[in-house]
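K.L.:
Quick one: this structure, given as structure tokens, is what I'll be asking you about.
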Amino acid sequence: MSTDSPHDMALDPGDEQNIMALEVSDLRRSLRTLMKPAITVDIDTPIRDAVHLMQTKRIGCVLVTSHRKLLGIFTERDVLKKILGSSFDLRTTPTSEVMTINPQALNESDTIAYALNFMDLGGYRHIPIVNELFEPVGLVSVKDIVSYLVQHFADEVLNLPPHPLTISGEDEDIPVPEDGLSDEGLDHEEEEG
């Protein structure tokens, strides 16, 4: 039995074809391949009903509409930050009073890579997908993107070491500068003193 870790083993000729790798083309697929149907509530829907819908559908947000146009998004984060500890009457207060107004949205032809960047820059967990009339047609969440990556690259994801900064077979961690940046490969001038 070999004690070599997968990182130490050399590939036999031809094995490169059997290893899946994240290809740029996989991230250039349209959001159409990931998006889930849009779950919407009308602007006058009471908070209690919107929360109940999120619970029964097991979803993290609902899209708030008026005359089929996207006006806002109501998320679990809104429940935690705006409702808990407040004096809203959940049976009568409309969701529009606590929703995030005018959420950023993408269309279904935008790419997965674009959505990832968009979510990262904006700090979004959910992105509404709209048509040319700004009507919601779907929703993409960070969870949807992670699930996509795991489905397509399960072996790579599941075979990562439990501690990414640990070198396989060694007990020492790879040193990481405090600022998170490596100075490897940079030319440094020696301080004269």
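K.L.:
Hey, any hits in the stretch 17-32 for a residue that's in contact with a Leu (Cβ under 7 Å, 6 or more places away or on another chain), modelled with pLDDT of 85 or more, within 30 Å of Asp89 (Cβ to Cβ) and among the aliphatic types (A, V, I, L, M)? Spell out how you get there, then give the answer.
P.N.:
Looking only at the stretch 17-32, we keep the residues that are in contact with a Leu (Cβ under 7 Å, 6 or more places away or on another chain), and these are 31.
Pick out the ones that are also modelled with pLDDT of 85 or more and you get 31.
Going one step further and asking which of them are within 30 Å of Asp89 (Cβ to Cβ), we end up with none.
The answer is no, given that none of the residues of the stretch 17-32 is in contact with a Leu (Cβ under 7 Å, 6 or more places away or on another chain), modelled with pLDDT of 85 or more, within 30 Å of Asp89 (Cβ to Cβ) and among the aliphatic types (A, V, I, L, M).
K.L.:
Looking at the structure I just gave you, is Arg48 farther than 16 Å from Tyr148 by Cα, in contact with a Leu (Cβ under 6 Å, 6 or more places away or on another chain) and either part of a helix (DSSP H, G or I) or in contact (Cβ under 8 Å) with a residue 12 or more places away in the chain (or both)? Let's see the steps before the verdict.
P.N.:
Values: farther than 16 Å from Tyr148 by Cα: yes; in contact with a Leu (Cβ under 6 Å, 6 or more places away or on another chain): yes; either part of a helix (DSSP H, G or I) or in contact (Cβ under 8 Å) with a residue 12 or more places away in the chain (or both): yes.
Yes; evaluated as a whole, the condition is true for this residue.
K.L.:
In this structure, is Thr45 farther than 27 Å from Asn131 by Cβ and β-branched (Val, Ile, Thr)? So that I can check it myself, show each step before the final result.
P.N.:
Working: farther than 27 Å from Asn131 by Cβ: no; β-branched (Val, Ile, Thr): yes.
So Thr45 fails the test.
K.L.:
So which residues in the stretch 106-126 are closer than 20 Å to Ala50 by Cα and either assigned to a strand (DSSP E or B) or aliphatic (A, V, I, L, M) (or both)? Working first, answer last.
P.N.:
Step one: list which residues in the stretch 106-126 are closer than 20 Å to Ala50 by Cα, which gives 124-126.
Across the stretch 106-126, the qualifying residue is only His126.
K.L.:
Need pairs with beta-carbon distance below 6 Å; first residue over 23 Å from Lys82 (Cα atoms) and within the stretch 101-126, second at pLDDT below 90 and surrounded by fewer than 13 Cβ atoms within 10 Å (Cβ to Cβ); sequence gap 6+ or separate chains.
P.N.:
Sorted first by the residue in the stretch 101-126, then by its partner, the pairs are Thr111/Arg28.
K.L.:
Something else now. Would you be able to tell me the number of residues in the stretch 60-95 that are outside any loop (DSSP other than H, G, I, E, B) and either modelled with pLDDT of 95 or more or crowded, with 19+ Cβ neighbours inside 10 Å (or both)?
P.N.:
Number of matching residues: 16.
The values are calculated or read from the model by the stated rules, or taken from the named source; none is laboratory data. Bear in mind that the values here come from a model prediction, so they are computed numbers and not experimental data. A quick note on method: Cβ atoms are made from the backbone with ideal geometry, for glycine too, and the neighbour counts reach across all protein chains shown.
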